[in-house]
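Accompanying notes for the structure given below.
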Ligand code: PEP
Ligand code: MN
């Protein structure tokens, strides 16, 4: 008997690189936000070493994410991309990875429970070590120092010595990413991601908060639903979806040296894959069309994220879509808008219309963090939870008005009990920011604030 596969199950050829593209064809093009390496030969030597190491993720997994993003682009799933602004080598511990996974699983299950949609989970994890910065230097205690550019480049300590870019950090980044993935794979496949663990994902310090209590109630309902299914004779033992989760990895592809070293040709699909993560994105500061970053990303078959800030014009966005998605593959592009709560209503609709007129079918995701950052009276870089939720609400409203699927959210968060963003039911005030301000770069939502946000997004998805 001949089987006909549903259209979405027919395997697609992966994105093929343009003919003139090579993993190193970005070299010589204008390039922003690069470290001033004191020893460029050392950078090449480290990159050569990394090129001999095993891939961190495999083309088949990347293909699976591509397939799931196509389902998001066509309105049948929702994307949750979340994690630290900057991962650190120090937080690469079993407990550290477990706590990050935990809060992502909590958010994902709340979104699924609230909306009935499958949630594609992508962490800013396993390689999110490089940071673009608004200024090349900063003044600390009256001394001007080069800025911290992420653990893959230099050290965060406020000394001239720590801030010197060190090529060996690129090698360490590879090994820390590898160790993170090792723990992630063990946790997601070894029972921690089992839906029957839904209560165990809630941490003690969260349980006492209003969001934590609401989470417990939802977890009770999910546990009862599982019992109900078992009571009805549904054999859940064999349902892999209930017992394992899939968490994909992603980071900003800021250092093409590192990305090139992990880019491999896959003979099965005839495509190039950047095996440093499943999804790579280009930042708002490095998305220039004639630049090295866009050139590099145009040739790899991984799904590509593009940060879309307030300065993005409709023409630019159309050109980026044509350049990065010449074959019009649904979900190959994830357009991550970060326009600010004040401006999303004005700026987003024309961008939605511009892209629709091209025929590209990207995933539209809302990053409500980066357009809402400010320095508070107490001197901390922070964000208000109310601005974050307002930008998401504006994002949903614009999509509904234009008849486009609001595909996902992109968050900077942590499973830890930090005080970096203002607000929430257990209100973090300006005077609290100094108590546990632990981020290596931008302020993250803590676990309770994240859960509170997930309830609100689930509500928006249901409307
Ligand atoms: C980030 O995601 O941490 C970041 C720097 O974003 P953007 O490129 O949108 O400013
Ligand atoms: Mn950030």
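The values are calculated or read from the model by the stated rules, or taken from the named source; none is laboratory data. Keep in mind the model is a prediction, meaning the values are calculated, not measured. Ideal geometry is used to build each Cβ from the backbone, glycine not excepted, and the neighbour counts take in all protein chains shown.
Couple of notes before you dig in:
- In region 136-147 there is no residue that is more than 14 Å from ligand 1 (Cβ to nearest atom), surrounded by 13 or more Cβ atoms within 10 Å (Cβ to Cβ), assigned to a loop (DSSP other than H, G, I, E, B) and without any contact (Cβ under 8 Å) to a residue 40 or more places away in the chain.
- Positions within region 409-432 being away from ligand 2 (no atom under 16 Å from the Cβ) and either closer than 24 Å to residue 92 by Cα or not in a loop (DSSP other than H, G, I, E, B) (or both), in sequence order: 415, 416, 417, 419, 422, 423, 428, 430, 431, 432
- Residue under evaluation residue 399, criteria (1) in contact with a strand residue (DSSP E or B) (Cβ under 9 Å, 6 or more places away or on another chain); (2) within 14 Å of ligand 1 (Cβ to nearest atom), criterion not met: (2)
- The one condition from (1) at pLDDT 95 or above; (2) more than 16 Å from ligand 1 (Cβ to nearest atom); (3) farther than 20 Å from residue 274 by Cα that residue 171 does not meet is (3).
- Only listed residue being touching a strand residue (DSSP E or B) at 6+ places or on another chain (Cβ under 7 Å), within 16 Å of ligand 1 (Cβ to nearest atom) and modelled with pLDDT of 95 or more, chosen from 385, 339, 335, 347: 335
- Selection from region 280-311 of residues that are more than 16 Å from ligand 2 (Cβ to nearest atom), without any contact (Cβ under 8 Å) to a residue 40 or more places away in the chain and under 20 Å from the mean Cα position of the chain (by Cα): 294, 304
- All conditions in (1) at pLDDT 95 or above; (2) more than 16 Å from ligand 2 (Cβ to nearest atom); (3) in a loop (DSSP other than H, G, I, E, B) hold for residue 269, with the sole exception of (1).
- Qualifying residue in region 105-121 (condition: buried (at least 22 other Cβ atoms within 10 Å of the Cβ), in a loop (DSSP other than H, G, I, E, B), in contact with a strand residue (DSSP E or B) (Cβ under 7 Å, 6 or more places away or on another chain) and touching a residue at least 24 places away in the same chain (Cβ under 8 Å)): no
- Residue tally, condition part of a helix (DSSP H, G or I) and over 21 Å from the mean Cα position of the chain (by Cα), over region 353-390: 7
- Residues satisfying the stated conditions in region 340-368, i.e. within 16 Å of ligand 2 (Cβ to nearest atom) and under 17 Å from residue 281 (Cα atoms): 365, 366, 367, 368
- Selection status of residue 93, free of Cβ contacts under 8 Å to residues at least 24 places away in the same chain and either under 27 Å from residue 256 (Cβ atoms) or more than 16 Å from ligand 2 (Cβ to nearest atom) (or both): yes
- Check on residue 392, surrounded by fewer than 23 Cβ atoms within 10 Å (Cβ to Cβ), more than 16 Å from ligand 2 (Cβ to nearest atom) and modelled with pLDDT of 95 or more: yes
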